[in-house]
1. Where a ≥ b ≥ c are the square roots of the eigenvalues of the C-alpha gyration tensor, would you call the stretch 243-360 rounded, which needs a/c under 1.5, or, failing that, prolate if a/b is larger than b/c, or oblate?
2. In nm, to one decimal, how far is the residue 545 label point from the residue 160 one, both placed 7 Å along Cα→Cβ?
3. Using 7 Å Cα-to-Cβ label points, what is the residue 342/residue 102 separation (nm, one decimal)?
4. Out of (1) -0.32, -0.83, -1.09, -1.28; (2) -0.19, -0.59, -0.93, -1.26; (3) -0.24, -0.67, -0.98, -1.24, which label holds the value of log10 I(q)/I(0) by the Debye sum over Cα atoms at q = 0.04, 0.07, 0.09, 0.11 Å⁻¹ that was computed here?
5. What is the Cα centroid distance between the stretch 577-645 and the stretch 249-275, reported in whole angstrom?
6. Using a 1.4 Å probe over the heavy atoms of the protein chains, calculate the carbon and sulfur portion of the accessible area of the stretch 199-353 as a whole percent.
7. Ordered by packing density, taken as the mean number of other Cβ atoms within 10 Å over each peptide's residues, highest first, how do 515-524, 406-415 rank?
8. What are the lysines whose alpha-carbon lies under 24 Å from the alpha-carbon of residue 406, with same-chain residues fewer than 8 places away excluded?
Amino acid sequence: MPQPLPLFPADNWWNVDVSQAPLDGNSAAFIAWIGNTRVHPDWGASAGDPGDPTATYGMPYVSVPGSQPLVPVTWVAYGDESDDGAPGRPPGYPIPPEAKTTASYVEGGQPGNVAASGDRHLLMVDRDNRLLYELYRAHWNGAQNRWEAESGAIFDLSRNDRRPDGWTSADAAGLAIMPGLARYDEVFGTAPIRHALRVTVRATNGYVWPASHRAGSTNGALPMGARLRLKASKDLSIYPAHLQRLFQAMKTYGLIVADNGSDMYVTGTNDPRWTPHMDDIVSAVHGLRSTDFEVVQLGWQPAPTPTDGDNDGLPDDWERDYGLDPTSGSGNNGASGDPDGDGHSNADERAAGTHPRGTATRLLAEGLRQGAFLTRIALANPSPTQTAYTQLRFERDDAVVVRVAKQVPASQRVTVDTATIPDLLGHAFATVVESDGFVAVDRLVQWEGGRGSHAEHGLPASSTSWYFAEGATYPGFSLFYLLQNPGDTPAHVTMTYLREPPLAPLVRLHEVPPHSRLTVWVNVDEAGPATPVTGAASSATIVADVPIVAERAMYRSVPAAFEAGHASAGAPALRSSWYFAEGHTGPLFEQYLLLGNPGPTPVPVRVTYLLPTGPTPPVTHVVAPQSRLTVLVNTEVPAPGVSLAATDVSMVLDADAPIVAERAMWWPGSSATWREAHVSLGTEQTCARWAVAEGEWRSGVDTYVLVANTGLSASRLRATLLREGAAPLVAEVPIAAGARQNIDIPGLFPEAWGTRFGMLIEPAPGASAVAPLVVEWAHYSDASGIRWSAGAAALGTCVP
């Protein structure tokens, strides 16, 4: 093995002493979920299988010199999350040629050219360059004359580089395997074992630091990256020295959950030297039970000692996080500086947990990391030159605020996966995103492994009033309003449900604590003699005594729980003009226009449909006072011979008095077969430049960016793809007057395959006209073999 040991730096997560780390608040529940299970040493030598003499126990590895030739590997599953080669070196993995036909190189024991089942890990250590190469499901394909694997990862043993969030490695958790193995030379050595050990459990739920990848969402289960610790009270004096050494490592460094498998299987190496000792080791390790362990606080990291090179009282890391100069203690960079001009010094902002250079804010009232629900937030920076320094403040349902700092490079997109933030586990939350320049913010909520989803874009401000057009509590529907109070005082909220005639409006009162999020379940809130037992369809008006943010989420549990769902923010004001970019009708989709009128008189509304060929004549609908109207767009006939039964369509609304308008799309087919939906509030404004933060294109996942030109002149647009960790891509597209245009991501940007991205839409250089645009995005994903099982849509964000 390359020296010095242990593998990776002493402060790496595998090598950190956790004996004094805090206990997780759910430790007992996690252990109870595992059950009173014995611990098993998953290592050894030959399996002694007469049917397969090559079968082995434990994880083999091979140490190779730096001169070992590098062999290309073809990825057959997770190529977008795999490393083709080590940085600064040619692509390839140092696989010895003997591994093709010789047993014991690949996990399980079979030679590489045998198409065996199992994980088939192949671990290689370049001892001269201190590089660790690991492959998952490695196989030599003789017919194609190539090595294949589902995934692969390369680790520099001199660094603490963590995999990007969302990426796997050769292990499900996104961690290295080799540093977590129990090795013969350590167990029977003389020095203490100075690293954690790899362990599996039967199922997991998300991931926490140091893991980067999820492989399940089982309620009650531990997340990937969780660390179990043998209780300090466990008496080790009864064991021989080699077992004391092993069990002390479990006390000092713990066990890190790295894969789904059998409960409490601790991984070690394949080594023939284990053979004479395995009976005693198995007996002793089986004597340990899961109840002898406890769970370290999820995501725990030892507190670093803050440095303050300029002695201004502001830690250097904090200054770097927010774009201050850690080498200067004067002016705007010092403790008394106020670079954002909000009247609060840098020292005050640090004490309050706010952004010292925050000049732009985006707000999201919805967010979940509860049960099978997960939330990710995309940040896109359209500036071609300036990095955006951002802060995300997650305001939980118990009024606890969790803070995360992120830098978004120029012309790039960054993903914040809340599954990696331990303090959000088990909570609903709202989010404040503060930055030192414009950043587009989009949120995507997914549940049950991607079976459903909904989305919204970040709002620019809170308000004392909010209006909604959509909502229903009919059998099978669950309706929720999500209220965020980003202020310092409690918010007293009056909610008025405007039901379809003949039901009268219904008023309810609620209080939202400061810096928190409240969930109102309307099915329960409206229950009583004024509401039929079969529920009601309603729009809503929400008024508060201090500024808040309000969103609505609605789910349909037919035939299964949370079979479909959509979400949208409300409108802070009623408007007489509304615009929608997205829309499609046909056998797959039913599209609805929802119009809410909280006023005292009927309101005529003229709807102009923008088709790919141009605008239709307007269709007039009248919305009764203090009620809501539902229009099925598929059945609209704007003029003789003009049908909207199957077409792409945007909408422009012109009302005689202020109203609120939303668009909902359900699929597939009619209500008897619906599985999913998405919804979006209209926008009251057009802009020349728009940004979208959320986008993804890979197998089973599609994103559409929809553009409506509400003007009278054709134009030409420039679309800039804002990628994660890569340079932007640019293409130009024409758009007709009064028309709707889809940005063809596969056709324009084939390099986007397998990635996440944002997009900037703006006039192309030299465009003959600056078109008034509306932009939306729609995200669809497959699950359980169902095409577009999940879908979400939201407005883009106007770029100043």
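The values are calculated or read from the model by the stated rules, or taken from the named source; none is laboratory data. No experiment lies behind these values; they were computed from the predicted model shown. As a convention, Cβ positions derive from the backbone with ideal geometry for all residues, glycine included, and neighbour counts pool all protein chains shown. All accessible areas refer to the heavy atoms of the entire protein, side chains included, with ligands and DNA or RNA removed. Shrake-Rupley method; radii C 1.70, N 1.55, O 1.52, S 1.80 Å.
1. Numbers: a/c = 4.32, a/b = 3.50, b/c = 1.24.
Prolate, since a/c reaches 1.5 and a/b exceeds b/c.
2. Result: 4.8 nm between the two label points.
3. Distance between label points: 6.3 nm.
4. (2)
5. 62 Å
6. On the way: 2960 of 6330 Å².
Heavy-atom surface of the stretch 199-353 belonging to carbon and sulfur, 1.4 Å probe: 47 percent.
7. Numbers: 515-524: 19.1, 406-415: 21.1.
Those peptides, ordered most packed to least, come out 406-415, 515-524.
8. Reachable lysines: none.
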